[in-house]
Each structure stands twice: as structure tokens, then as C-alpha cells.
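To keep things clear, I will list the structure first and then write my remarks on it.
Quick note: the coordinates plus some simple rules give every number you see, no bench work behind them. Predicted, not measured: the structure shown is a model, and the values here were computed from it. Ideal geometry is used to build each Cβ from the backbone, glycine not excepted, and the neighbour counts take in all protein chains shown.
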Amino acid sequence: MKTVAHSIIGAGLSALVRDHLNNNSVVYCNYDNKLLRSKKFYENLGMGGNTNIWGGYINYHKYLFFLKNNKFKKFMQNQKIFKLRKLFTESPFKKTYYISNYLNKKVLRIKKRYFKNLVINKKIEKISLDKKNIFLHTGKQKILTKKVSLCVGNLSLIQILYNSKIIGANDKISFDDGICSYQFNLFKNFNTNYYIPLTIKEIVEKFLYGKKNQYHHEIKKTLFVQKFSNGYKKYFFTTSEIMKFKSNNIRYFLTHHTTNLRINDIKINKFIKNFSKKITIYNSGAIQNYIAGPVSQDIIFNALSN
């Protein structure tokens, strides 16, 4: 059986960054073009993951902080996958940028050709260990691999861990999430909340098509803003509750980003290391602290670690 040096599961922003760090990787992506929902989780399956729905806003102030890290700075200077572009000229919103394609101003939508390693259309259903070996399971096929980067969304991650019997039906899943709402661009508290201006055209496009594809110029003034509350709530579910895949809420416009994912109150990457030190998780749940507003800069930073 041929051994894969490094397996990347998922094809979103985290997977794209991991792919460009490693020359001997194989990317496994479920090409299902559908949405997966359960409780507060909302996930786009297929190429690009959630990045291909929301696009990627950047908190530029936090991005500048991450540039103090040499690895992050070197990657951002040398990569030719995407660019950070200024979006607003209105003073309070100057810290909000967005990620575009490298060669044009279209919002980044990840495609297969952006990966430098082999991308295979396979849904990895579970992981197993045999002494020092790691096996990925897809249908009846077993793939031997030395190292795994789990870059799937939080819901797919829980599903893989459950199928692998790494977590059980009664294990406690907890995470932090905040509220996203819409307001008029009037009086705002920039010290406690994060705001992204929205033009009427952009709101209409998002309602009609579910996403924004391109910004033709910097935005000077808007009537509405998208508000990300600095306050957050901690949610608790059992694995069995999440695996029912039933939800009474629609992800759009109601919640923000799942962060600080824990199993039985153990941080997700610490938890997975107890199973194998050769498996690492890269997604929003691996971000330890809740962040009001954009998290793309944190997704990139985390993907460059370990």
C-alpha cells in the first residue's frame, strides 16, 4: 500500500494555505455541492468550503499584528494565491479589507487549480490507527498516510470524529458564537462591537445570490452596516444531538463564527493530540478565542502553525 506523506482533508481557506506549505501532500475534497446544517453549525460542502459563500473579510489591524510573526509575514509576501484589498474609505471602517483573487479584484472563490498538490474527489468518512500508522477511510478504500491536516468545517469534523469512534454519542461538544445583525449606519459603539458597511446593492446581491462576487471600487459611504457583537454565548450539545442534523435556525444573518471548539471541555487540538500527535485541526473551531468581525486573518495564521 502506497503511503501518502501528508493528507489534507477539506478544500477551504485553511486547506489552501496548508497545501502551499507542503510539496508532498494530497488534498481530499468532498465535491458535494450542498449545505450541511445542525444546531448552530452551517457548512458548505465541496470546493472552497464556507469561503466560497462568505468570501473573506480581513480585520487589517489584527492582520498587521500577525505580520510580526516571521512565518506569517514570509508566507504573505511570497504567496501568489490572493491579495488583500482595501474596501472602505469612511474612517471608522478603514480596518476592514477583503481577500481577492491575486490577478483581479473579484472576491476570492477557491478553485481546484489554486492548489499546487493533487486534489482528489473523495469523502473521507473516518480515521483509524494501527500501531504507528494512520488510515483514512473512504467507502471500502483505506489510505495509509503519515500526517493529517483536518481542514473541514466544524460539523464535518465532528462527524468524522464520531465515525472514527474518537468521540462518542454522549460526549459534550461546546463552542463560542456571537450574533450578526443589520443596522442603519448611524450611532455605533466601535469599542465593543465590529461593523462592516453594506451598500444596498450588496445586500440585494446577497439575498438574491447568497454571496458577493466583486467590488468594483472602494466604498465611500453606506446606509447600512453589518454588526458583529463583541459579546458571545457558549453553546453545549451532545454528539448525538448534533448528529441528528436538524436545525430550527438558518445560518444566514443569525450567528457569527464558531470558535473555541471543545470536546468534554478540552480544546479540540489538545483533544485530537491524545488520539494521535500526527493529526492537527485547522478551522474556525481551532481559534481559541471568540472574535467579533472577520476571522480570515486568524484562519490563515492558524493554518501556518505546526
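Counting neighbouring Cβ atoms within 10 Å and putting the fewest first, the residues Met1, Met76, Met243 line up as Met1, Met243, Met76. Using C-alpha pairs below 8 Å separated by at least 6 residues, the relative contact order for the chain is 24 percent. Test of understanding: extend the Cα→C-beta vector of Lys165 to 7 Å, then name every residue of segment 267-292 with backbone N under 17 Å from that spot. In segment 267-292, the label zone of Lys165 (backbone N under 17 Å from the point 7 Å along Cα→Cβ) covers 275-276. For the set Lys74/Lys172; Lys95/Lys147; Lys68/Lys94; Lys111/Lys273, the pairs lying more than 29 angstrom apart at their alpha carbons are Lys74/Lys172; Lys95/Lys147; Lys111/Lys273. Full extension of the chain between Met243 and Asn23 gives 75.7 nm of extra length, using 0.36 nm per residue less the Cα-Cα distance. Decide, for segment 1-115, between rounded, prolate and oblate: order the square roots of the alpha carbon gyration tensor eigenvalues as a ≥ b ≥ c, take rounded if a/c falls under 1.5, and otherwise choose prolate if a/b is larger than b/c, else oblate. Since a/c reaches 1.5 but b/c is at least a/b, the shape of segment 1-115 is classed as oblate.
Between Ser128 and Gln183, the C-beta separation translates, for a Förster distance of 45 Å, into a calculated FRET efficiency of about 0.40.
Cβ crowding within 10 Å ranks Phe184, Phe66 as Phe184, Phe66, fewest other Cβ atoms first. Look at Cys29, Cys151 and count the other Cβ atoms within 10 Å of each Cβ; fewest to most, that gives Cys29, Cys151. With the simple spin-label model, which puts each label point 7 Å out from Cα in the Cβ direction, the Leu84 to Tyr235 separation comes to 2.9 nm.
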